[in-house]
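One structure below.
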Amino acid sequence: MTPLFEVQAVDRDVYQHRLESFLPSRLIDIHTHVWLHQFQAKEKGECLRAVTWPQRLALDNSIEDLRETYHLMFPDKTVTPLIFGSAISLQDDLDGGNEYVCQCAQKHQIPALIFADPKWSEAEFEARITAGHFLGAKVYLTRSDPQIAEDDIQIYDFLPLHQLKVLDRHGWIVMLHIPRRDRLRDPLNLAQMVEIEKRYPNVQVIIAHVGRAYCPEDVGNAFEVLAETRKMRFDISASTSAENFELLIRAVGPRRILFGSDLPILRMRMRRICEIGNYVNVVPKGLYGDVSADPHMREVEGDDAARLTFFMYEEIDAFRRAALKTGLGSNDINDVFYRNSAEMLGEAGMPESYLHDQEGR
Ligand SMILES: [Zn+2]
């Protein structure tokens, strides 16, 4: 059987020399997407209101593919994912995707979030999460009312107050990818993040991708504001910014930072650079089709291409460098890559048995 993707000498070298001994033996990946191609709309609507490069990485990501990915990338580790779907287009089969995630979670005894629709009423939102044994919700900006332009979308347009009330009542998790062009430094985003923490203190909020702060220019005064928060957590998924990881560690400490990947896109072979605040994924020529129209993608050839490794390894290595600079110890690293998530998932209702005997599932 051919493997899902190729692990090259360059990848093994990075893993063995920089990551293998840095990482604990058990990991929790708090941010993964699992879906089958059949749930995705054939024709994407014109206003997808999101970047296009992630769609080039994988047509789908079955639970089997996710497990094989961990096996190939972390051959000596045990990885437990928190899974959810990928219904980012309004035409996608949201219910089919959620049903599939629910079945995968039950069969493999792993935690999962529902991919939520902001149109669901308080009662419907609660009933769907309960019926599917989910631990909370993944919400996404593209599910906001289509009348709202991408730049004007606010958090409450896709995470309405009546759904926050439900999450608060149960102590459930919400995975929040914040909207708006200014990302983490956007004052409205910051104000609403702080407001959610004050008004709904039992919701376990995870700010995905460190608030999409992929470049130094995305930060503004965000970490001063966030240093005053007490509860919200941040996942480091899909970021390779050691500078911003360092600021995050200094602002909130290692107990509120969670390892997450954003698989399957973390299978990408790349390195990321920032140019005047715009992030660019540098990739091997031809590997991901025609990317000439995408301002976040650039191709390289020859030696430059041969040196590129997985996005997953780039992310973890960036965090390793930030950890070194801020003096985190191995207990802190274990917190970020395992214990913080284990505690949070337990508080949200995950059976403790899910973290034992993961081998062989
Ligand atoms: Zn994601």
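Per-residue answers, yes or no, for (1) within 16 Å of the ligand (Cβ to nearest atom); (2) in contact with a Leu (Cβ under 7 Å, 6 or more places away or on another chain); (3) outside any helix (DSSP H, G or I):
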residue	(1), (2), (3)
Gln163	no, no, no
Met175	yes, yes, yes
Asn189	no, no, no
Met193	no, no, no
Ile196	no, yes, no
Val205	yes, yes, yes
Requested in this report: Go through (1) touching a helix residue (DSSP H, G or I) at 6+ places or on another chain (Cβ under 7 Å); (2) under 22 Å from Leu66 (Cβ atoms) and name the single condition Leu247 misses.
Outcome: (2)
Requested in this report: Please go through region 100-121 and pick out each residue that is farther than 24 Å from Phe158 by Cβ and free of Cβ contacts under 8 Å to residues at least 60 places away in the same chain.
Outcome: Gln103, Gln106, Lys107
Query raised in the report: Considering only region 20-34, how many residues are of a type in the set (Ser, Thr, Tyr) and more than 16 Å from the ligand (Cβ to nearest atom)?
Result: 2
Query raised in the report: Among Gln163, Gln192, which is the only one that is crowded, with 24+ Cβ neighbours inside 10 Å and more than 20 Å from Ala323 (Cα to Cα)?
Result: Gln163
Report summary line: Pairs returned, first residue in region 206-219 that is charged (D, E, K, R), second residue that is more than 12 Å from the ligand (Cβ to nearest atom) and not in a helix (DSSP H, G or I), beta-carbon separation under 6 angstrom, 6 or more apart or interchain, are Glu217/Gly277
Report task. Would you point out the residue of region 220-249, among those that are without any contact (Cβ under 8 Å) to a residue 60 or more places away in the chain and of a type in the set (Phe, Trp, Tyr), that is farthest from Ile333 (Cα to Cα)? Result -> Phe223
Query raised in the report: Is it the case that some residue within region 252-264 is within 16 Å of the ligand (Cβ to nearest atom), polar (S, T, N, Q) and either assigned to a helix (DSSP H, G or I) or within 15 Å of the chain's Cα centre (by Cα) (or both)?
Result: yes
Query raised in the report: Do you know which residues across region 207-246 are in a helix (DSSP H, G or I), away from the ligand (no atom under 16 Å from the Cβ) and charged (D, E, K, R)?
Result: Glu217, Asp218, Glu224, Glu243, Glu246
Query raised in the report: Taking only pairs six or more apart or across chains, which ones have beta-carbon atoms under 8 Å, a first residue in region 122-144 that is over 19 Å from Gln103 (Cα atoms) and within 16 Å of the ligand (Cβ to nearest atom), and a second residue that is hydroxyl-bearing (Ser, Thr, Tyr) and modelled with pLDDT under 95?
Result: Thr142/Ser89
Query raised in the report: Do we find a residue being among the charged types (D, E, K, R) and in contact (Cβ under 8 Å) with a residue 40 or more places away in the chain anywhere in region 278-292?
Result: no
Requested in this report: Go through region 165-182 and give me each residue that's among the aliphatic types (A, V, I, L, M) and within 20 Å of the chain's Cα centre (by Cα).
Outcome: Leu167, Ile173, Val174, Met175, Leu176, Ile178
Query raised in the report: Say we look at region 72-115 and pick out the residues that are of a type in the set (A, V, I, L, M) and in a helix (DSSP H, G or I); which of these is nearest to the ligand (Cβ to nearest atom)?
Result: Val101
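The values are calculated or read from the model by the stated rules, or taken from the named source; none is laboratory data. For clarity, every value in this text was computed on a predicted model and none was experimentally measured. Cβ coordinates were reconstructed from backbone atoms using ideal geometry, including for glycine residues, and neighbour counts include every protein chain displayed.
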